[in-house]
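The values are calculated or read from the model by the stated rules, or taken from the named source; none is laboratory data. Keep in mind that what you see is a predicted model, and the values were worked out from it rather than measured. Note that we place each Cβ from the backbone using ideal geometry, even for glycine, and neighbour counts take in every protein chain shown.
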Amino acid sequence: MIPYGRQNISDADIAEVLAVLKSDYLTQGPRVPAFEAALRAHTGVAHAIAVNSATSALHIAYLALGLGAGDEVWTSPITFVATANAALYCQAGVRFVDIDPRTYTLCLDRLEDMLAEAEASGRLPKIVAPVHLAGQSCDMSRLAALAKRYGFHVVEDASHSIGASYGDGKVGDCRYSDICVFSFHPVKIITTAEGGVATTNDAGLAQKMDLLRSHGVTRDPGLISAQDEGGWYYEQVELGFNYRMTELQAALGVSQMVRLEEFVAARHDRARVYDRELAGLPLQLPYQAEGQRSALHLYPILVTDDAPLDRRTLFDALRTAGIAVNVHYIPVYQQPYYQRVGGFSAQDCPVAEDYYARAISIPLFPDLTETDQSYVIDQLRRNLG
Ligand SMILES: *Cc1c(COP(=O)(O)O)cnc(C)c1O
């Protein structure tokens, strides 16, 4: 089977991980800070807090911003469930904002309407979490203007978009957000097996997230109350978690960061081939927003009404042909768990419903060979021609 995405592991990556196994520190050594430094250098952000997944990063990001019972997080329904779940971990509520029909990211026109209504009824969100779907950033400067006008925080779910740019900055620089989160799951742009990071320019938020990832425990003399108790002494000052990244993961991350630009460039090369070769077919191809460079985590194609077959039939035909296509994503509110939580209506998100009815993610990753890509294109032509 040709997968829709796959990690690239080099001999150098393997050597770095082996070196950790032979070293003194498997956790809480020098590699995690080195990985955080590499992420700061790449994005230009002030602080990076590495953790064991993007899900953990979202959880501590929301907590650091004070999210709790009675608050709301607003996000896109076309995302992985974790973006919304992390709000529920904090006893907060979730509302879904429909997506833009071209970029498939949070629709800012719709958001603006919802904010005006919410202001009138006194139920404004505490946090809006845009999802940079497929690797392309949401329109962050416009979102930041709305955040200022309505007084909410912004947490970017940039799980798909390390290596992407927005304007003259890198995604993750937090120029227009409080916190930005990346995932390093193997299918994403770079990997640490499992892993994630939260970036921020706010020293207070960074300190809070640093505590929350490690039990709320600290030895920082600035944070503890006792005077000179002894060399063994630490204090728990928050209720935190064990969300730490290991040295093995961080060593892999440092080694992968060296090839980040190469990975993104390889994705662009392959996407350009799809753009050209699929142009005449009854498909809506990914839209490239101006003034941005996507990390191209995914290449979602939407089956249009004039196609000779529907999404399901095309999906099954591609799977039968040995192409492990996928769908990103099922609208979160359709999940049985969210149905049980209640309060969500598909009618609120007609664009997300339409997207979900048509979308297929076709293979896109740095090691996708010319032969395999040509085969994918041939299969699409055969089915759609
Ligand atoms: C992968 C992903 C996550 C979760 O990342 P983990 O590192 O697996 O916890 C969250 N949001 C989106 C949009 C993702 O694609």
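Report, by residue number, each residue of segment 262-291 that is crowded, with 17+ Cβ neighbours inside 10 Å and of a type in the set (Lys, Arg). Scanning segment 262-291 gives ARG267, ARG270. Mind checking which residues of segment 266-313 are under 18 Å from ASP372 (Cα atoms) and assigned to a helix (DSSP H, G or I)? Selection gives ALA266, ARG267, HIS268, ASP269, ARG270, ALA271, ARG272, VAL273, TYR274, ASP275, ARG276, GLU277. Residues of segment 45-60 being of a type in the set (Gly, Ala, Ser) and either away from the ligand (no atom under 12 Å from the Cβ) or closer than 9 Å to LYS126 by Cβ (or both), which ones? Of everything in segment 45-60, those that are of a type in the set (Gly, Ala, Ser) and either away from the ligand (no atom under 12 Å from the Cβ) or closer than 9 Å to LYS126 by Cβ (or both) turn out to be ALA46, ALA48.
If the condition is being in contact with a Phe, Trp or Tyr (Cβ under 8 Å, 6 or more places away or on another chain), among the small types (Gly, Ala, Ser) and assigned to a helix (DSSP H, G or I), then segment 314-356 contributes ALA346, ALA352. Tell me the residue from GLN28, GLN7 that is over 15 Å from the mean Cα position of the chain (by Cα), within 14 Å of the ligand (Cβ to nearest atom) and surrounded by fewer than 24 Cβ atoms within 10 Å (Cβ to Cβ), please. The unique qualifying residue is GLN7.
Residues of segment 311-326 that are closer than 19 Å to ARG6 by Cβ, touching a strand residue (DSSP E or B) at 6+ places or on another chain (Cβ under 8 Å), aliphatic (A, V, I, L, M) and surrounded by 17 or more Cβ atoms within 10 Å (Cβ to Cβ): LEU318, ILE323, VAL325. Within segment 61-81, the residues that satisfy the criterion of being more than 12 Å from the ligand (Cβ to nearest atom) and outside any loop (DSSP other than H, G, I, E, B) are TYR62, LEU63, ALA64, GLU72, VAL73, TRP74. Of all the residues in segment 357-382, those that are surrounded by 21 or more Cβ atoms within 10 Å (Cβ to Cβ) and part of a helix (DSSP H, G or I) number 2. Can you confirm whether segment 372-381 contains a residue that is small (Gly, Ala, Ser) and in contact (Cβ under 8 Å) with a residue 40 or more places away in the chain? No: zero hits. Here segment 98-132 is the region considered, the condition is being in contact with a Phe, Trp or Tyr (Cβ under 6 Å, 6 or more places away or on another chain) and over 18 Å from ASP157 (Cβ atoms), and the residue that is surrounded by the most Cβ atoms within 10 Å (Cβ to Cβ) is LEU115.
When you check GLN288 against the structure, is it at pLDDT below 95, of a type outside the set (Phe, Trp, Tyr) and closer than 28 Å to ASP139 by Cα, yes or no? Yes.
Within 16 Å of the ligand (Cβ to nearest atom), among the aromatic types (Phe, Trp, Tyr) and touching a helix residue (DSSP H, G or I) at 6+ places or on another chain (Cβ under 7 Å), is that true of TYR355? Judged against the criteria, TYR355 is not a match.
Selection over segment 188-217 of residues that are small (Gly, Ala, Ser) and closer than 16 Å to SER53 by Cα gives a count of 5. The residues of segment 164-186 that are more than 24 Å from PHE152 (Cα to Cα) and either away from the ligand (no atom under 15 Å from the Cβ) or buried (at least 18 other Cβ atoms within 10 Å of the Cβ) (or both), listed by number, are ALA164, ASP168, PHE184, HIS185.
Would you check if there is a residue in segment 85-105 being among the acidic types (Asp, Glu), part of a helix (DSSP H, G or I), away from the ligand (no atom under 16 Å from the Cβ) and under 21 Å from SER345 (Cβ atoms)? Checking segment 85-105: not a single residue is among the acidic types (Asp, Glu), part of a helix (DSSP H, G or I), away from the ligand (no atom under 16 Å from the Cβ) and under 21 Å from SER345 (Cβ atoms). Taken over segment 151-163, the criterion of being in contact with a Leu (Cβ under 8 Å, 6 or more places away or on another chain) and within 14 Å of the ligand (Cβ to nearest atom) is satisfied by VAL155, ASP157, HIS160, ILE162.
Among the candidates ARG244, ARG213, ARG259, which residue alone is surrounded by 12 or more Cβ atoms within 10 Å (Cβ to Cβ), among the charged types (D, E, K, R), touching a residue at least 60 places away in the same chain (Cβ under 8 Å) and farther than 16 Å from PRO33 by Cβ? Going through ARG244, ARG213, ARG259 in turn, just one is surrounded by 12 or more Cβ atoms within 10 Å (Cβ to Cβ), among the charged types (D, E, K, R), touching a residue at least 60 places away in the same chain (Cβ under 8 Å) and farther than 16 Å from PRO33 by Cβ: ARG259. Among the residues of segment 25-49, the one identified as in a helix (DSSP H, G or I), in contact with a Gly (Cβ under 8 Å, 6 or more places away or on another chain) and small (Gly, Ala, Ser) is ALA38.
Applying the condition of being loosely packed, with under 11 Cβ neighbours inside 10 Å and of a type in the set (Gly, Ala, Ser) to segment 216-233 and asking which residue is nearest to SER56 (Cα to Cα) yields GLY222. Quick check on TYR274: is it under 26 Å from the mean Cα position of the chain (by Cα) and of a type in the set (Phe, Trp, Tyr)? Taking the combined requirement at face value, the residue satisfies it.
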